[in-house]
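J.: Following this message is one structure expressed as structure tokens.
Quick note: the coordinates plus some simple rules give every number you see, no bench work behind them. Just so we're clear, the structure is a prediction, and the values are computed from it rather than from any experiment. Note that each Cβ is placed from the backbone with ideal geometry, even for glycine, and that neighbours are counted across all protein chains shown.
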Amino acid sequence: MPFTPPSRTRSGPRRRTLLASAAGAFALAGCSAPESSTDSTGGSPSAADRARARAARDSQALAEQYATVITAHPSLAERLRPLRAEVVRHAAAFDTGKPASASASPTASPSVSPSASVSPSASPSVPTDEKGALADLAAAERTLADQRAKALLDVPGELARLLASVAAAGAAHVYLLTEGTK
């Protein structure tokens, strides 16, 4: 009797699921609240406090941008809600470790000060096509991830680790937002 190899059926999770799970686990592992904002590894407490406040505002602005895109393109909601929930958790981790409500509705986004320092929400309108909206979100995530990677050189150890973790999660979000749109 001849041996017939089994058909090629995919076993295990899909690449997107695996990457999202890994990014989420990595982000959550790094998003623990620091013990204090004064760390003896360098940087002044006021610089660390400013960096932490800026990172919280930036994440809140990004969460607001996700909510705006979800509202404008409801068909993207299933794809974007998990990413937005992580951004909300990142904002909470930077905001002195306050617990985040990841189950908040997309329209009930965290408040953002008018002087938010980063440009994820620089585009006041959402592109009318889904591909353009995803590209805008990916660009905002990329800009913010790059900005955080640069900022971690100027902050103390625990905050630097948190910034690095959230920057890595942002880079994973860029991949998930651009996958399948090329």
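J.: Quick one: which of 167-177, 77-87, 57-67 comes out on top by average Cβ neighbours within 10 Å, and what's the full order, highest first?
T.: So the peptides 167-177, 77-87, 57-67, ranked by packing, come out 57-67, 167-177, 77-87.
J.: Report the normalised scattering of the stretch 143-182 as log10 I(q)/I(0) at q = 0.16, 0.18, 0.20, 0.34 Å⁻¹, calculated by the Debye formula with identical scatterers on the alpha carbons.
T.: Values returned for q = 0.16, 0.18, 0.20, 0.34 Å⁻¹ are -0.41, -0.48, -0.56, -1.05.
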